[in-house]
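This report refers to the structure that appears directly beneath it.
The values are calculated or read from the model by the stated rules, or taken from the named source; none is laboratory data. The structure displayed is predicted, hence computed values, not measured ones. Here Cβ is always computed from backbone atoms with ideal geometry, including for glycine, and neighbour counts include all displayed protein chains.
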């Protein structure tokens, strides 16, 4: 591979692949593991408390909460002094009478009371009563709940789509679920039926942005689409699909690079971490400087 240099000025960094990385104006504090969501980004201070800034870095809600979540459509969940609140963008809060709560996904927030899990809406009303031993936040039309060691799929009103039939189940986008049975991985629909005929894998991730990583019984790893078609074979240790047009891959020493949707390496394996902003721009970090891929 050709030697590729980076320029840490305000000039773009150009590769032979015609891809460009631009230094951003974001600091580590403003972007520390937190994305710009709903126009706001979480920030933290040294005592561990968090607040929210806008995309200009202006403080809109001061760092006063021990627990914070990303905003969704003007609402989020925050925690302070072991109590939880619905927080609006204007800074007003509504107290919650639950032992724990997690931020809104698809308009529903996961809550726990007396060891049981359920869901509330943005007004704080219970939509799915806390009757379950465990639950996972909604990432689409359907969610997951657990009872007596087994998982089931539910819809947004709490109706069971399946019985409590699954020992292990994970949800990706597109309402496609991954299950494990006797060491083999399968994809199922919300009704619990197999997504693909005669397909099982020794490993399968979750579908994100229309694709997923699988390993076949022959030991080969591929990226497939929601039709089960193989898009390309992988030779990297890890892969993520944070934005529609790009994959993040890592191969050695936890360094990250970028593939395009055809599997071509377009950014070399030189970056320590990555994140995505609200506009689905991909950001990569190297030597304490963040770069934006355009």
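Checking residue 174 against (1) free of Cβ contacts under 8 Å to residues at least 40 places away in the same chain; (2) at positive phi: exactly one of these is not met. Which one?
Every listed condition holds for residue 174 apart from (1).
Take the residues in the range 168-195 that are assigned to a loop (DSSP other than H, G, I, E, B) and surrounded by fewer than 15 Cβ atoms within 10 Å (Cβ to Cβ); name whichever of them is farthest from the chain's Cα centre (by Cα).
Going residue by residue through the range 168-195, those that are assigned to a loop (DSSP other than H, G, I, E, B) are 168, 172, 176, 182-183, 189-193, 195.
Subsequent filtering for residues that are surrounded by fewer than 15 Cβ atoms within 10 Å (Cβ to Cβ) retains 168, 182-183, 191, 193.
On the way: 168: 19, 182: 27, 183: 25, 191: 24, 193: 25 Å.
Only one residue fits best here, namely 182.
Going residue by residue through the range 258-279, is there one that turns out to be part of a strand (DSSP E or B), under 30 Å from residue 184 (Cβ atoms) and either at pLDDT 90 or above or under 19 Å from the mean Cα position of the chain (by Cα) (or both)? Give the derivation first.
Going residue by residue through the range 258-279, those that are part of a strand (DSSP E or B) are 258-260, 265-271, 273-276.
Right, trim to under 30 Å from residue 184 (Cβ atoms) and you get 259.
When the remaining residues are screened for being either at pLDDT 90 or above or under 19 Å from the mean Cα position of the chain (by Cα) (or both), the result is 259.
Looking for residues that are part of a strand (DSSP E or B), under 30 Å from residue 184 (Cβ atoms) and either at pLDDT 90 or above or under 19 Å from the mean Cα position of the chain (by Cα) (or both), one finds at least one in the range 258-279, hence yes.
Can we say residue 52 is in contact with a helix residue (DSSP H, G or I) (Cβ under 7 Å, 6 or more places away or on another chain), closer than 30 Å to residue 285 by Cβ and assigned to a strand (DSSP E or B)? Show your work before the answer.
Numbers: in contact with a helix residue (DSSP H, G or I) (Cβ under 7 Å, 6 or more places away or on another chain): no; closer than 30 Å to residue 285 by Cβ: yes; assigned to a strand (DSSP E or B): yes.
Judged against the criteria, residue 52 is not a match.
Among strands (runs of 3 or more DSSP E) lying entirely in the range 81-151, which contain 3 or more residues that are crowded, with 16+ Cβ neighbours inside 10 Å? If you could, list the steps in order and put the result at the bottom.
Details: elements: 83-88, 93-96, 109-113, 116-120, 126-132, 134-136, 143-147.
Per the criteria, 83-88, 109-113, 116-120, 126-132, 143-147.
Could you tell me which of the residues 61, 77 is without any contact (Cβ under 8 Å) to a residue 60 or more places away in the chain, more than 20 Å from residue 134 (Cα to Cα), touching a strand residue (DSSP E or B) at 6+ places or on another chain (Cβ under 6 Å) and in a strand (DSSP E or B)?
Sole residue among the options that is without any contact (Cβ under 8 Å) to a residue 60 or more places away in the chain, more than 20 Å from residue 134 (Cα to Cα), touching a strand residue (DSSP E or B) at 6+ places or on another chain (Cβ under 6 Å) and in a strand (DSSP E or B): 61.
What's the number of the only condition in (1) in a strand (DSSP E or B); (2) under 22 Å from the mean Cα position of the chain (by Cα); (3) over 30 Å from residue 120 (Cα atoms) that residue 236 fails to meet?
The number of the failed condition is (1).
Going by the conditions given, is residue 219 at pLDDT 90 or above, on the phi > 0 side of the Ramachandran plot and assigned to a loop (DSSP other than H, G, I, E, B)? Steps first, answer last, please.
Details: at pLDDT 90 or above: no; on the phi > 0 side of the Ramachandran plot: yes; assigned to a loop (DSSP other than H, G, I, E, B): yes.
When the stated conditions are applied, residue 219 does not pass them.
Note down all Cβ pairs under 9 Å where the first residue falls in the range 265-294 and is on the phi > 0 side of the Ramachandran plot, the second is at pLDDT below 85, and they're at least six residues apart or on different chains.
280/242; 280/243; 280/244; 280/245; 287/6; 287/8; 288/28
As an exercise: evaluate residue 198 against (1) more than 22 Å from residue 142 (Cα to Cα); (2) modelled with pLDDT under 85; (3) assigned to a strand (DSSP E or B) and give the number of the one condition it does not meet.
It fails just one condition, (3).
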